[in-house]
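Right, one structure below, let's go through it.
Read-outs throughout are calculated quantities, based only on the coordinates presented, and are distinct from any laboratory measurement. What you see is a predicted model; the values in this text were computed from it and never measured. Neighbour counts are summed over all protein chains in view; Cβ atoms, including those assigned to glycine, are modelled from backbone coordinates with ideal geometry.
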Amino acid sequence: MPASAATKTNLIGLDRAGLEAFFANLGEKPYRARQLLQWIHQRGVTDFALMSDLSRKLREQLQGLAEIRPPRPVREQISSDGTVKWLLSESGGSAIETVFIPEENRGTLCISSQVGCMLNCTFCSTATQGFKRNLDAAEIIGQVWYAVQSLGTERLGQRRVTNIVFMGMGEPLLNLGAVKPALSLLRDDLAYGLASRRVTISTAGVVPGIDQLSSGDEFALAVSLHAPEDSLRSQLVPLNRKYPLSELMAACRRFVRARPRRSITFEYTMIEGVNDDYRCARGMVRLLNGIPCKINLIPFNPFPGTPFRPSTDEAIYEFQKVTRAAGIITTVRKTRGDDIDAACGQLVGKLLSPSERRRVVQEQLALQVLTA
Ligand code: SAH
């Protein structure tokens, strides 16, 4: 009896070890895993019948037991700057966004690890949606599979994915069980074959997660800092109350100590009048002292209902001058895909008027003082 669709294993989410275990259960040799990896991830084949180097018997057996099910596209938008945003449908009716950002000599794919997020960072639009669920490994790698297949077509100019960043929805270090096999597929030469420095995990500062990653060397780490001292950071990133800066920075030091050739990227969203003054810049220099790192300044992307505004270009420049003078490589992230709401914190609908904004900021700050 063939298994029903609901019980079929989706092979797209199994890494080499997972596929080897799957085939061992069927009494097959481990090299079957290598064949399947290439069929699925390099040739983009989802139909077992087309896998010509498997025996007919095995193909039929696989059809009964397993499937190769990528996410379904719901919508595709292409920005005037070439950025592509897909809305992909996952099982259970959830949808997630995946963004491709082409640059002169690379193509970065920004992927999600959860549907929604539970961390409630006050300046992030994902927080307004709440947390729905973790994505599984098939759903995480499925975003890459889908983007690679679509970008390989004439229609999208046959562009290539050269870099992956876990900077879409969700906190990857709170879903490590699914993120780890996805990382292993990104690295595997028979799947996506990406060098470790081309895959970046971005975290709001989940200390045990950073430590769990400390043994491997499969990716680059980005830490979303946004403030150099605890009281301000706890307002922007409530997770800071659980893992304050002293613990987070200690974990970062352990991370680089375990990887002598690695550095960490610290992300810093620049919010006008909140975290963008000289004192904050000096605070960052002190905080990062001795850690091999660079800083990536992200101008805040407004979204409906937010009281915050992006820092001025001048404030960003002044901030950058301070950290650079201290010898820290500091870049400013270009905002991409604005016209299709593809930047971090999507720009949709109407923004608040200045007086409404002042009122909301005051209310929020009063609330935070009360709850801190
Ligand atoms: N949870 C992870 C990854 C997702 S967010 C993390 O916190 O790192 C990816 C990056 O975008 C983070 O640095 C986040 O702080 C930033 N970000 C979120 N909303 C933003 C906004 N509205 N404007 C600018 N950057 C934003």
FRET efficiency (residue 326, residue 211; Cβ distance; R0 22 Å; to 0.05) is 0.20
Per the helix-only model, the chain has a calculated mean residue ellipticity at 222 nm (DSSP H runs of ≥4, -39500 (n - 2.57) each, divided over all residues, rounded to the nearest 500) of -10000 deg cm²/dmol
The lysines whose Cα lies under 28 Å from the Cα of residue 334, excluding any fewer than 8 residues away in the same chain, are 85, 294, 321, 350
Sorted by chain and then number, the residues having a modelled amide H within less than 5 Å of the amide H of residue 205, at least 5 places away or on another chain, are 224
Relative to the chain, whose Cα atoms define the longest principal axis, helix 137-151 and its Cα axis are tilted in degrees, nearest 10, by 90 degrees
Along region 73-78, Karplus-curve 3J(HN,Hα) (6.51, -1.76, 1.60; θ = phi - 60°) to the nearest Hz, with x for Gly and Pro, reads x, 9, 8, 10, 10, 10
As straight-line cross-link partners of residue 242, the qualifying aspartates and glutamates (C-alpha separation under 19 Å, not fewer than 8 residues apart within one chain) are 171, 211, 229, 230
For region 91-100, in residue order, the Karplus 3J(HN,Hα) values (coefficients 6.51, -1.76, 1.60; θ = phi - 60°; whole Hz; Gly and Pro = x) are 5, x, x, 7, 10, 10, 10, 10, 10, 10
Rounded to the nearest 10 degrees, the helix 245-257 long axis (Cα) sits at an angle to the longest Cα principal axis of the chain of 50 degrees
The extension gain from residue 153 to residue 133, computed as 0.36 nm times the residue separation minus the Cα-Cα distance, is 4.0 nm
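Give the calculated FRET efficiency between residue 105 and residue 230 to the nearest 0.05, with a Förster radius of 30 Å applied to their Cβ-Cβ distance.
Efficiency at R0 = 30 Å is approximately 0.15.
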Spelling it out for residue 330: with amide H atoms placed in the peptide plane at 1.01 Å from N, the residues 5 or more places away or on another chain with amide H under 5 Å from its amide H are 295
Expected vector for region 166-180, Karplus 3J(HN,Hα) from phi with 6.51, -1.76, 1.60 and θ = phi - 60°, integer Hz, x for Gly and Pro, equals 8, 10, x, 6, x, 10, x, 7, 9, 9, 5, x, 8, 5, 4
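Fewest to most neighbouring Cβ within 10 Å: what's the order for 81, 189, 53?
So the ranking, lowest neighbour count to highest, is 53, 189, 81.
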Which of 263, 89, 246 fluctuates most in a GNM of the chain (C-alpha springs under 10 Å)? That residue is 246
Taking a crude spin-label model, label points 7 Å out from Cα along the C-beta direction, the residue 278 to residue 17 distance in nm is 5.2 nm
Filtering trypsin sites (Lys or Arg not before Pro) in region 42-145 by DSSP loop and by at most 15 other Cβ atoms within 10 Å leaves 43
Amide H proximity to residue 337 below 5 Å, modelled H, separation 5+ or other chain, gives 81, 83
Percent antiparallel among DSSP beta bridges confined to the chain, rounded to 5, stands at 45 percent
Taking a straight Cα-to-Cα line shorter than 22 Å from residue 8, and setting aside same-chain lysines fewer than 8 residues away, one finds 29, 57, 180
Mean separation of Cα contacts under 8 Å (at least 6 apart) over the residue count of the chain, i.e. the relative contact order in percent, is 13 percent
